[in-house]
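What follows is a single structure, written as structure tokens, with notes after it.
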Amino acid sequence: MRDIAICSFAQRQQAAIPDESEVEFMVPLMVQAKDAVGLTQQDMGFTCSGSSDFLAGQAFSFVSTIDGTGPVPPISESHVEQDGAWALYEAWVKLQCGDVDTAFVYSYGKSSPGSLRDVLATQMDPYYVAPLWPDAFAVEGLAARLLLESGTVSERRLAEIASRSRAHAASNPHAVRRAEKSVDEILAEEYLADPLRPSDIPASADGGCAMVLAAGDRARELCDRPVWIRAIDHRIDAHTLGVRDLTAAMSARIAGEKAGVGADTVDFAELHAPFTTSEAVLIEALGLDDGVVVNPSGGALAAHTMMAAGLIRFGEAFERIARGDGDRAVAHATAGPCLQQNLVAVLEGE
Amino acid sequence: MTVAGKERTAVIGVGQTKYASTRGDVSMAGLLREAAYRALEMAGKTWDDIDAVVMGKAPDFFEGVMMPELYLAEALGCVGKPIMRVHTAGSVGGSTACVAASMVQGRVHETVLTIAWEKQSESNAMWALSLPMPFTTSVNAGAGGYFSPIMRRYMAMSDAPELIGCMVAFKDRQHALKNPYAHLHQPDLTFDQVVESPMLWDPIRYSETCPSSDGACAMVMTNEVGGDAHDGPVAWIKGTAMRSESNSYGGRNMVSPAASEQCADDVFAQAGIHDRRREIDVVEMYVPFSWYEPMWLESLGFAEKGKGWRMVEDGSTNHVGGDLPVNCSGGVLSSNAIGASGMIRFAEAALQVMGEAGEHQVDGARIAFGHAYGGGAQYFAMWVVASEK
Amino acid sequence: MPVDPDSTPVGLGVEVTAPASIADVEMVQRVRTPIRIEYTYTPGRALSAYLRGMAEKRIVAERCPRTGQVFVPPRGVSPMAGIPTVGPVELPDVGYVESFNITRVPIATRPDLEPPYCSAWIVLDGASVGFMGLVINCEPESVRMGMRVKAVWKPDDELEKSATNILGWEPSGEPDVEISDIETIGRPGDLQ
């Protein structure tokens, strides 16, 4: 395996970006990520992006965003209809092939144009479940109920996760939900999708991010402290909610084992946990012990940019390690209802 | 010869569904399993042998399911395994095969299943392509309205005879008769009927356009050890390439986009091909509208600029008697399951060098070229496969 | 040899039988599950300026500060440079037909259009790229590559912030332009 590192990162997230199109708000981020390492688009060996037509409400929506990269002359490029973390994975695979040394990765999503709770219903089984229009929060509520009634977690534990996310987010300028709240204040909130309270659900955001990857010595040339992707793996669970254990993310556990989480201590973990319940399940599935700081950025609870939230976890971990706030971290991304699909990587500073 | 450092990668299984306007007998999952099982069967593999799945399809709006790889995890034997979902517009089937190949070439996995599909009958593609957007005026009826002015430019610049497009369409429909999987089987179709079919997007006639199909296509790929050990025909991947460009900038060549030419240069260089017309035995290219055959023949370097239509006229691209047979399967003009169409080109190229193309086999085919394009003719994916390592 | 497409793949050859209680119930062949999702689209910075211009019968484009290319309708980005474009650049409502087709099928999103009609790539004077529009007030068969056209606007009292303010493009009567390089659409920028 070749050593691949993250060399630069740029992001933007806010509750809504009504005045700019996707490509308009992505261009400055793309330029920023490339400028940080002194590369132009034509220096990139490969480019890969992640986005969703259903989010944009338009077929082939990524076709208008590619213009932001400056794809003239033409570029070697691909796109996944997945979170940007899978675009990073595809770029990592391409770099493993050995014929390119640099890759540009970006992803973005605007949740504000459509009703995300409705849009996500179209992810469900199209014959048996989607016609019922299950609300995305209600679906997670099923997992939450199981977790609580099985005694796996308590409502107080969920409130602690929510409170910690808010406290961490207070110092993150990209976070949307930054107002601090105590555990008791959160427990006093009225249920939104019983047993989930407003603080248990993600703060929806519009935004995106861009990142440069490079292999081996090329990465060392490009930045002071490359952050190496020591291992990366992704897995999927069954889709049908009734056939899998919603209180344990089997696919996250396997991906974590394959990525070597637990082989050595990590300083912190950036987990793409849209709900407090997701975070509780992931901590167990990945076997993170109490010494690991979870979501120092505030995580996806504090700002959930669909299609980018997973890649942003990688970026947050990169920035923290690059500036010396830790050496080893877990970065994680998820997709689908109730943590169906999970990607896990171990990152380490030079 | 493969590029130094990459794992040599082999296609050992190809599976397709029968293409039809409505596969009402199966669900989306059932459609995919039909293709996947056939690919596994040919490869002599089971689900247990598959390390990862790479899935491709065109816009989610075509079926109304967001990120359908999630719902299809069980059907594709993926529970506990990795699955990825590629979407690069019309080229997606080809891009998906390239991404799957890279997983073996990069030694990330040993054996992968790749699958691309569309089930257009479960929604309305024309609707999905023409969603009313408030800021622009909608003047196109689907892709034909977009591409026909480009074909008109080619006709003007090449001085090609008016009926070249009809010749391509007739040839591909004749080829389709030899492919049991093809959607359109029109044994009684005459050339005159093609010429007399109604103009839809003048200069494009109804018979010069592709059908709308349901279907899936799958391949099993494995590493060098697996390919060597395989008890059956093998197609070795000699090169893969993807290129993309903007669809709107001043001075853009829309007839032969720079991305097309550069993608071809890259893939043929990887495969060590110098004289493309002589060294390539058979071509499966993405021709959704008849005139794109001569246009791509030129853009890909099989013919001089402005002279691709002569290869159509003199029969060079015919299955029988042609020196560079194009789309012996019947091509996109005979089966168009949009998301799968690119992968079908790649898979048919593999079948030719495996000697497994049946009635539409080109005798002695050793090196084949597979091609896909999409968007406003701005996304390209290509590969070269060979019978010998 | 290829497998018979009508054969059942080996792995799929598992017989599924319904329980006796529903054994004689008719099989469900199809279900209709209509989807309705409402989106609130936002045009973005550059297109907003363009749409505001439309309400005043002005065509507001943007320019790439690096290549000089002029884009209309503007998308806010220069694909050759990968940087934001700047505006406004006002263009005249006259140009020429670069290429066209005559559409003879109805389209779902424009029930008001009666086939046959001509849709064309229109290149405005001063623009680097073409965009799609209708050629109207003439026989579709009389449209030519290089034909000069001018905009036909809606009546002043019907103008909105909308691209539909231009009903189409009609022949201006000026002599045709010669298209020098017929393969390429639009014009290269000053600094290319």
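Throughout, read-outs are computed from the coordinates displayed, never taken from laboratory work. From a predicted model like this one, the values you see are computed outputs, not experimental measurements. When we count neighbours, we look across all protein chains shown, and the Cβ atoms used for this are built from the backbone with ideal geometry, even at glycine.
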Task: Neighbourhood charge, 12 Å Cβ-Cβ cut-off, centred on A:GLU316 and excluding it, Lys, Arg +1 and Asp, Glu -1 - done: 0
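Within the set of other residues whose C-beta is less than 13 Å from the C-beta of B:GLY56, count the net charge using Lys and Arg as +1 and Asp and Glu as -1. Intermediate results must be reported in sequence, preceding the final value.
Details: positive: B:LYS57, B:ARG85, B:ARG345; negative: A:GLU81, A:GLU90, B:ASP60, B:GLU69, B:GLU118.
Result for the local shell: -2.
Let me know the shape class of the range A:116-200, please: from the alpha-carbon gyration tensor, a ≥ b ≥ c as square roots of the eigenvalues, rounded when a/c is under 1.5, otherwise prolate if a/b is greater than b/c, or oblate.
On the way: a/c = 2.75, a/b = 1.53, b/c = 1.80.
Cα axes put the range A:116-200 in the oblate bin.
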Task: Residue among B:SER95, B:SER123, B:SER256 with the largest mean-square fluctuation in a Gaussian network model of chain B, springs linking Cα atoms under 10 Å - done: B:SER123
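Just how large is the dipole of the range A:38-153 about the Cα centre, in debye to the nearest 20, putting +1 at every Lys and Arg Cβ and -1 at every Asp and Glu Cβ? Please report the intermediate quantities before stating the final value.
Numbers: 4 positive and 14 negative charges, 45 e Å.
Computed about the Cα centre, the dipole is about 220 debye.
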Open item on the list: For a test of understanding, tell me how many lysine pairs in chain B have Cα atoms under 13 Å apart, given they are 8 or more places apart or on different chains.
Closed with: 4
- [ ] Work out from phi, with θ = phi - 60° and the Karplus expression 6.51 cos²θ - 1.76 cosθ + 1.60, the ³J(HN,Hα) of each residue of the range A:117-133, listed in order in whole Hz, and give x for Gly and Pro.
- [x] 5, 7, 4, 5, 5, 6, 7, 7, 2, x, 9, 9, 10, 4, x, 7, 6
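With a ≥ b ≥ c the root eigenvalues of the C-alpha gyration tensor of the range B:1-106, is it rounded (a/c under 1.5), prolate (a/b larger than b/c) or oblate? Numbers along the way, then the final one.
Details: a/c = 1.70, a/b = 1.42, b/c = 1.19.
Prolate.
Work out the mean other chain Cβ neighbour count within 10 Å for the residues of C:70-76 and drop it here as an integer. Don't skip to the end; give the middle numbers.
On the way: counts 1, 4, 0, 4, 0, 9, 9.
Rounded to a whole number, the mean comes out at 4.
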Task: Sequence ranges A:90-102, A:131-143, ranked by mean other-Cβ count within 10 angstrom, highest first - done: A:90-102, A:131-143
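Looking at the range A:228-349 only, what percent of DSSP beta bridges run antiparallel? Nearest 5 please.
Details: 16 of 22 bridges.
Counting DSSP beta bridges with both partners in the range A:228-349, the antiparallel share is about 75 percent.
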Task: Between helix C:45-55 and chain C: long-axis angle, C-alpha atoms, 0 to 90°, nearest 10 - done: 70
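Once you average over the residues of C:28-37, how many Cβ atoms of partner chains fall within 10 Å of each Cβ? Let's see the in-between values first.
Working: counts 1, 2, 4, 5, 1, 9, 2, 12, 2, 11.
Across the residues of C:28-37, the mean count of other-chain Cβ atoms within 10 Å is 5.
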Task: Between the range A:171-220 and the range B:198-245, the Cα center-to-center distance that results, in Å - done: 42
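Take every residue in peptide B:235-246, count the Cβ atoms of other chains within 10 Å of its Cβ, and give the average of those counts. Intermediate results must be reported in sequence, preceding the final value.
Working: counts 0, 0, 0, 0, 0, 1, 1, 9, 6, 11, 10, 18.
Shielding by partners across B:235-246 averages 5.
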Open item on the list: From the helices alone, meaning DSSP H stretches of at least four residues, give me the mean residue ellipticity at 222 nm for chain B, per-run term -39500 (n - 2.57), in deg cm²/dmol to the nearest 500.
Closed with: -9500 deg cm²/dmol
Task: Rounded to whole Hz, the Karplus (6.51, -1.76, 1.60) HN-Hα couplings of the range A:327-338, x for glycine and proline - done: 10, 10, 8, 9, 10, 9, 9, 9, 8, x, x, 6
Open item on the list: Counting only helical runs of four or more DSSP H residues, what would the 222 nm mean residue ellipticity of chain A come to if each run contributes -39,500 (n - 2.57) and the total is spread over all its residues?
Closed with: -9500 deg cm²/dmol
TODO: Could you tell me the distance between the Cα centroids of the range B:305-364 and the range C:26-84, to the nearest Å?
DONE: 38
Open item on the list: Tell me which of A:ALA269, A:ALA255, A:ILE283 sits at the most positive position along the dipole axis of the range A:253-292, charges placed on C-beta atoms (Lys, Arg +1; Asp, Glu -1).
Closed with: A:ALA255
Open item on the list: Report the number of Lys pairs in chain A whose alpha-carbons are under 30 Å apart, with separation of 8 or more residues or on distinct chains.
Closed with: 5
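Which of rounded, prolate, oblate describes the range C:45-171, given a ≥ b ≥ c as roots of the alpha-carbon gyration tensor eigenvalues and a/c under 1.5 marking rounded, otherwise prolate only if a/b is larger than b/c? Provide the component values of the computation, followed by the final result.
Details: a/c = 1.96, a/b = 1.50, b/c = 1.31.
Verdict is prolate for the range C:45-171.
Do me a favour and compute the ellipsoid semi-axes for chain A from its Cα gyration tensor, root of five times each eigenvalue, largest one first, whole Å.
Details: eigenvalues 188, 102, 71 Å².
Output for chain A: semi-axes of 31, 23, 19 Å.
Provide the packing ranking of C:67-75, B:10-18, i.e. peptides ordered by the mean count of other C-beta atoms within 10 Å per residue, highest first.
Working: C:67-75: 23.9, B:10-18: 27.7.
Peptide ranking by packing, descending: B:10-18, C:67-75.
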Open item on the list: What's the magnitude of the charge dipole for chain A around its Cα centre, counting Lys and Arg as +1 and Asp and Glu as -1 at the beta-carbon? Answer in Debye, nearest 20.
Closed with: 140
TODO: Per residue of the range A:188-200, in order, report the coupling 6.51 cos²θ - 1.76 cosθ + 1.60 (Karplus, θ = phi - 60°) as ³J(HN,Hα) in whole Hz, putting x for Gly and Pro.
DONE: 7, 5, 6, 5, 9, 9, 2, x, 8, 9, x, 6, 7
- [ ] Let me have the relative contact order for the range A:196-347, percent, based on Cα pairs under 8 Å that are six or more residues apart.
- [x] 36
Task: Longest site-free stretch - chain C; sites: GluC sites (Glu not before Pro), DSSP loop, at most 13 other Cβ within 10 Å - done: C:57-159
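How much net charge surrounds C:VAL60 when only the other residues with a Cβ under 12 Å from the Cβ of C:VAL60 are counted, with Lys and Arg +1 and Asp and Glu -1? Working shown, then result.
Details: positive: C:ARG45, C:ARG52, C:LYS57, C:ARG58, C:ARG63, C:LYS161; negative: C:GLU56, C:GLU62, C:GLU90, C:ASP93.
Charge balance near C:VAL60 sits at +2.
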